[in-house]
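Asks: Handing you this structure, nothing more for now.
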Amino acid sequence: DTHPLEKIKGMRIGNAWVTIYPQGGFVPQHIHAGFLLSGVFYVKAEKDCGGIEFLDPCWIAKTMMHASNRGGVFPGPEPKYIYKPTTGDILLFPSWLPHRTIENTSGEDRIIVSFNLIFPREYTYHRDVTKGLEVSQEELSQNAS
């Protein structure tokens, strides 16, 4: 039996680029508009090369709430999450998630390959994003056993 998500056929890399960040190099906050899923492969990532910081897209609403109600959000209670890469890591994330890179202070270049994935039309925002991803209760039961 195949997993329901394996039904996605035709996924491919839409675009990709290599970036070398020397000492002091960084990228300001941004998103990858027009895509669903983005990623980065760390070709070279030494200690203190600068992580990637993700911003909770709901941070404004959450900061307006009482602090005791903020537990268990984002990957933690803070509105930002920093991933500290090592050489060989690959990271996938939703393209709409605001992110930036932190300044490289390692004294070595950080080298990455970034990419955006393209899905067949039926899995994109141009149509119902769940079309083709809907899984029946029967399919879930079959895969659970």
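The values are calculated or read from the model by the stated rules, or taken from the named source; none is laboratory data. It should be emphasised that the depicted structure is a prediction, and the values quoted were computed from it without experimental measurement. Because the Cβ atoms are built from the backbone with ideal geometry, glycine has one as well, and the counts that use them run over all protein chains shown. Calculation scope for accessible area: heavy atoms of the full protein, side chains included, ligands and nucleic acids excluded. Shrake-Rupley method; radii C 1.70, N 1.55, O 1.52, S 1.80 Å.
Asks: Once both labels are modelled 7 Å past Cα along the beta-carbon direction, what's the ILE60-ASP48 spacing in nm?
Replies: 3.7 nm
Asks: Just how much of PHE35 is accessible, in Å², when a 1.4 Å probe is used and the result is rounded to the nearest 10?
Replies: 50 Å²
Asks: Accessible surface of LYS9 in the full protein assembly, 1.4 angstrom probe, to the nearest 10 Å²?
Replies: 140 Å²
Asks: Continuing with the same structure: Pop a pseudo-label 7 angstrom from the Cα along the beta-carbon direction at both ILE20 and ILE90 and give the gap in nm to one decimal.
Replies: Placing both labels 7 Å beyond Cα along the Cβ direction yields 2.4 nm.
Asks: Could you tell me the accessible area of ILE60 in Å² (1.4 Å probe, neighbours in place), rounded to the nearest ten?
Replies: Solvent-accessible area, nearest 10 Å²: 100 Å².
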